Structure formats: structure tokens, C-alpha cells
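Written out below as C-alpha cells is the structure these notes cover.
The values are calculated or read from the model by the stated rules, or taken from the named source; none is laboratory data. In this text the structure is predicted, and so the values were computed from the model without any measurement. Every residue, glycine as well, gets a Cβ built from its backbone with ideal geometry; the counts of neighbours run over all protein chains shown. Just the protein is used for accessible areas: all its heavy atoms, side chains included, with ligands, DNA and RNA removed. Shrake-Rupley method; radii C 1.70, N 1.55, O 1.52, S 1.80 Å.
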Amino acid sequence: MQDYHEFLEEILISEGALQARIRELGADISRDYAGKTPILICILRGGVMFLTDLVRHITVPHMMDFMAVSSYGAGARQSSGHVRIAHDLNTSIKDQDVLLVEDIIDSGHTITEVLSLLQSRQPASLKVCTLLDKAERREIEVPIDYCGFVIPNRFVFGYGLDLDEFYRNLPFIGVAQPDRILRK
Ligand code: PRP
């Protein structure tokens, strides 16, 4: 396995900046959900690192559940606009306050389809929290209630986001070198 330094063009968001912003998001969510018991739904796999750090800063009682969806075809970097539910929730969200937690919103197709599915289950409320917003790539309007960082249209990895399935464990968001991106 090659060292990530070979692929890293630059660090876009440092560990310190990530953790400081996640602390702020946790405080905002705790304030907005005061008196409620939200269910945080994480979309696997990229959102896991963000979720587990975020909940450490959420002071209201809450639950967690997980969904796995696939939005990209094999080998493709563009979103297909169709998601397949590979793993559904274990809990009912009817009449619950739901907060969907994502690592990144790119074209917006994945979250749009997941929101549509969740809305059909009649939650009391449904909001979106994303760590990263690659806003200039958006193809469909997405309501974002909590956003960590708006980022430029560059291929990022680390902190949950993979580079050929590796490096999700890195504590920062890095930019991959262009020649590395073309390989996939
Ligand atoms: C990423 C990310 C979002 C989606 C965003 O997941 O976690 O779910 O892509 O793209 P979109 O806005 O263009 O639809 P990915 O399919 O890479 O899976 P992973 O989280 O398992 O790496």
C-alpha cells in the first residue's frame, strides 16, 4: 500500500479546522433540537467519521441509524442520478425528528433521492447536515440546514472520503493529485 503523501496535492481542511467546525455544528444542532430527541441518519460509508465526531458535541438525547446507498456506477466518478438502497434503516422514523448526516453533497442526486424516500415515511421533521458542500457541482437544488464547509470542485479524500477505497481514516481533508484522479 502506497503512502498517501504520494497522492496528496495539498491539505484543504486541517484536522484542527475540521474539529473546530464540527464542534460548532454540534452546538448549533443541540440548540435547534432542544427538547427534542432526533434520530441522526448517517449515509454509509463516507459519513461515518463525521457522524462519530459530531455526536460527541450534541448534548440533546438522540438516536443513530445507518443507511447504505450506492450512487455511482462501478468505475464512474459522475453520479448516475439513481441510488440503490443497499442497507435500509433498522428503526421507524414516522413522527420522529430526522437529521440526515452526509460527508459530501456533490451533484445532489444521492441526497435528493434519500430525502424523498425518508419523507415518504412521514417523519415529524427532516433536515440535512453535510460536512462538505461542493456547491459548484450541483445539478439539483438541495436544502442544506447545516454545512461544515463549501469546497471548490477538486477531488478530495480523507476524513471518511476514499481514494480508491483507501485513506478514509485520515484526520484531514486532502486534495488528490490530478494524475491520481485520472486513474479511477
Ligand atoms: C458520496 C457521498 C454522497 C454522494 C454525493 O458517496 O458520501 O453520498 O457521494 O454525491 P452526489 O451529490 O453527486 O450524489 P459515495 O457514493 O462515494 O459512497 P461512499 O460514501 O461509500 O464512499
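A quarter of the convex hull surface defined by the alpha-carbon atoms of segment 123-180 gives 5.4 nm² as the mean projection.
In the chain, the longest principal axis of the Cα atoms and the axis of helix 109-119 are about 10 degrees apart.
On a C-alpha basis, how far is the centre of segment 36-65 from the centre of segment 143-159 in Å? Whole number, if you could? If you average the Cα positions of each part, the centres end up 17 Å apart.
In order along segment 158-170, the Karplus-derived 3J(HN,Hα) couplings, from 6.51 cos²θ - 1.76 cosθ + 1.60 at θ = phi - 60°, round to x, 6, x, 8, 9, 10, 6, 6, 9, 6, 5, 7, 5 Hz, and Gly and Pro are given as x. The H on the amide N of LEU170, modeled in the peptide plane, is under 5 Å from the matching H of TYR159, GLY160, each at least 5 residues off or on a different chain. Between PHE50, PHE166, PHE157, the GNM of the chain built on Cα springs shorter than 10 angstrom shows PHE166 fluctuating the most. Using only the C-alpha atoms, the convex hull of the chain corresponds to 113 Å³ per residue.
Exposed loop sites here mean GluC sites (Glu not before Pro) with a DSSP loop assignment and at most 13 other beta-carbon atoms within 10 Å; the chain contains its longest site-free run at 1-138. For segment 1-156, the solvent-accessible area works out to 49 Å² per residue, with a probe of 1.4 Å and every protein chain left in place.
Given H placed on each backbone N at 1.01 Å, which residues far from GLU102 in sequence or on other chains put an amide H within less than 5 Å of it? The list, which skips near neighbours in sequence, is CYS129, THR130, LEU131. For segment 13-28, backbone phi angles converted through the Karplus equation (6.51, -1.76, 1.60; θ = phi - 60°) give residue-by-residue couplings of 9, 6, 4, x, 5, 4, 5, 5, 5, 5, 4, 5, 4, x, 5, 4 Hz, Gly and Pro being listed as x. Expressed as a whole percent, the accessible area of segment 1-68 that falls on carbon and sulfur atoms is 53 (1.4 Å probe). Remark: segment 72-172 carries a charge dipole of roughly 60 debye about the Cα centre, counting +1 on each Lys and Arg Cβ and -1 on each Asp and Glu Cβ. When the alpha carbon gyration tensor of segment 1-63 is reduced to an equivalent ellipsoid, its three semi-axes come out at 30, 14, 7 angstrom, largest first.
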